[in-house]
Amino acid sequence: MPPSSRLACAIVVGLATAPSMVLAGTLNYTLYAGVEHSNNIALSSDNPVSENVLTPGGTFQFTQMGSTFQANVAGTVEYRKYLQNHFDSQLQTQLAGQGNWTIMPDRLDFSVEDYAGVQPVDQLASNSPDNQQQTNVLVAGPTLRMRFGQSARGQFELRYINSYASKVDDFDSSRGLAAFRVFRDLSPTDTISANVEFQRVNFDNQESSADYDRKEAFVRYTSTLAHFDADVLVGGSRLEFDGGGSHSAPLVRLRLGWQPTLRNSLTVSGAYQYADAAQDIITTPGVFGAGLTADRTESIDPFAGTGGLGSGLGIGTGIGTGSAVIGSQVYKERRLDATWNWRGERLTVTASPAYSKLRYVDDPTFDQNDRGLSVGVGYRVRPTVTLSAFATLDKLKYETVDRNDTTVRLGLNLSRQWNQHWSGQVSVARERRTSNAIGQDYRATSFFVGVVYRR
């Protein structure tokens, strides 16, 4: 395990076990354990394997907003023991964390970010336990701040970025980023900035021709109102490869949030950009399986995990496998997704449509169009008993290999709160994929029983 992954695991374990009085910030965590049974753990089309899985784990969220140190870290650690020994035991980690040390107020900061997750090894194969790997992206460096009058300020950033995957060597890279930004406050709630970035990308296990320079210039507008927030970035990107050739394209990223009432909220986000897996994990970690919601009763799929069915604990537990094509290739990404939430006294409804289109610069094998829709419903039967259900539909088309996959997931979860700290859950999930690729159809059913301790 590389130093960055060991650091991620140490942060999770250390914060989860440290007494809360020692921490200056706020620490919330859960501990959980359960047993899952799957009738097709490897998601095989012709050779289903029945397996029982013991899944102890824990989640945490730590925040601190001090004058010297600020942090926002959330993570999950889970150990998966396959009781019939069809697969080796796995220790998996998900982490999304940002920490900032103010060395000189309004002058010099040092920041560290880390994003750990579980991603597929082979994107074209089913999500079996042996088709999963641990990934980690570490970002660290100083920020020099300066002020130009009352409403304008600037900052210069230097960042070192390291990406690592436990099985796919092509993902491993070292990157250097330099950025200069000028901000101007339009009002107490609105800010506009001009940004210039230069990034040098060197892959550890690729030919030098795969290395490249990334140059970006863009304008960013942010607004935070009582019921509406916006983050819109517009500019351009240019890639220059050491092996020859360059590519240019517009750069657009946006996120819009609207809360018309206390019960309703709508979020829309999208991107049009050149990216690779490491870049996208940094800019949009949730898209690739960060799965770090503090309360999974608000999540679409409370069963996300091994085999696409997973530990089924809900309430922030379980680790889902992301969807990134882990490697060194650069692609042009078009992505648009939305999430609508409605929360009543006893009923909660969530709906999330999504669309993405990837076109790879060098090898078009993984060129794809992906459309999905997820719906989740939760109903509080009694003050201590909640019944939730989810349904997801994903239609994935690979353009070059002429492959179409349609995956449907359905699930139910019944939870009982025994007291302030302890709860129990019973879950069942069903997954089915139809594909025109030979050997990629499958059906699987999973059952889960577990307990959760919440601090």
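Which of the numbered conditions does residue 230 fail, given that it passes all the others? Conditions: (1) farther than 22 Å from residue 331 by Cβ; (2) not in a strand (DSSP E or B).
It fails just one condition, (2).
Report yes if residue 228 is more than 25 Å from residue 135 (Cβ to Cβ), modelled with pLDDT of 95 or more and crowded, with 17+ Cβ neighbours inside 10 Å, otherwise no.
no
The conditions are (1) surrounded by fewer than 16 Cβ atoms within 10 Å (Cβ to Cβ); (2) under 22 Å from residue 448 (Cβ atoms), and residue 82 fails exactly one of them. Which is it?
Of (1) surrounded by fewer than 16 Cβ atoms within 10 Å (Cβ to Cβ); (2) under 22 Å from residue 448 (Cβ atoms), only one is false for residue 82: (1).
For residue 400, only one of the following conditions fails: (1) in a strand (DSSP E or B); (2) of a type in the set (Val, Ile, Thr); (3) open to solvent by 20 Å² or more (accessible area, probe 1.4 Å). What is its number?
(1)
Go through region 100-141 and report how many residues are of a type in the set (D, E, K, R) and under 13 Å from the mean Cα position of the chain (by Cα). Lay out the reasoning, then the answer.
Step one: of region 100-141, the residues of a type in the set (D, E, K, R) are 106-107, 109, 113-114, 122, 130.
Still in the running and under 13 Å from the mean Cα position of the chain (by Cα): 114.
So the answer is 1.
For region 338-368, give me the residue count where each residue is more than 29 Å from residue 210 (Cβ to Cβ) and open to solvent by less than 40 Å² (accessible area, probe 1.4 Å).
The number of residues fulfilling the criteria is 7.
Identify all residues within region 102-134 that are out of contact with any Gly (no Cβ under 6 Å at 6 or more places or on another chain), over 21 Å from residue 436 (Cα atoms) and charged (D, E, K, R); write none if there are none.
Selection gives 106, 107, 109, 113, 130.
Can you tell me which residues in region 421-455 are in a loop (DSSP other than H, G, I, E, B) and touching a residue at least 12 places away in the same chain (Cβ under 8 Å)? I'd like the intermediate steps shown before the answer.
The initial filter retains those residues of region 421-455 that are in a loop (DSSP other than H, G, I, E, B), namely 421, 436-441, 455.
Residues satisfying the conditions are 421, 436, 437, 439, 440, 441, 455.
Return the pairs, sorted by first residue and then second, in which the second residue is open to solvent by less than 30 Å² (accessible area, probe 1.4 Å) and outside any strand (DSSP E or B), the first residue lies in region 340-360 and is under 14 Å from residue 371 (Cα atoms), the beta carbons are less than 6 Å apart, and the residues are 6+ apart or on different chains.
Here the result reads 352/300, each pair linking region 340-360 to a residue that is open to solvent by less than 30 Å² (accessible area, probe 1.4 Å) and outside any strand (DSSP E or B).
Restricting to region 255-282, give me the number of residues that are over 22 Å from residue 139 (Cα atoms) and not polar (S, T, N, Q).
11
Does region 142-160 hold any residues that are outside any strand (DSSP E or B) and open to solvent by 80 Å² or more (accessible area, probe 1.4 Å), and which are they?
Hit for region 142-160 is 150, nothing else.
Please enumerate the residues belonging to region 39-78 that are surrounded by 17 or more Cβ atoms within 10 Å (Cβ to Cβ), among the polar types (S, T, N, Q) and within 24 Å of residue 95 (Cα to Cα).
55, 59, 61, 64, 70, 76
Suppose we filter region 23-54 for residues that are more than 17 Å from residue 421 (Cβ to Cβ) and touching a Leu at 6+ places or on another chain (Cβ under 8 Å); how many remain?
8
The values are calculated or read from the model by the stated rules, or taken from the named source; none is laboratory data. As the structure is a prediction and not an experimental result, all values here were calculated from the model. No Cβ is skipped: glycine too gets one built from the backbone with ideal geometry, and neighbour counts run over all protein chains shown. Note: areas computed on protein heavy atoms with side chains; ligands, DNA, RNA excluded. Shrake-Rupley method; radii C 1.70, N 1.55, O 1.52, S 1.80 Å.
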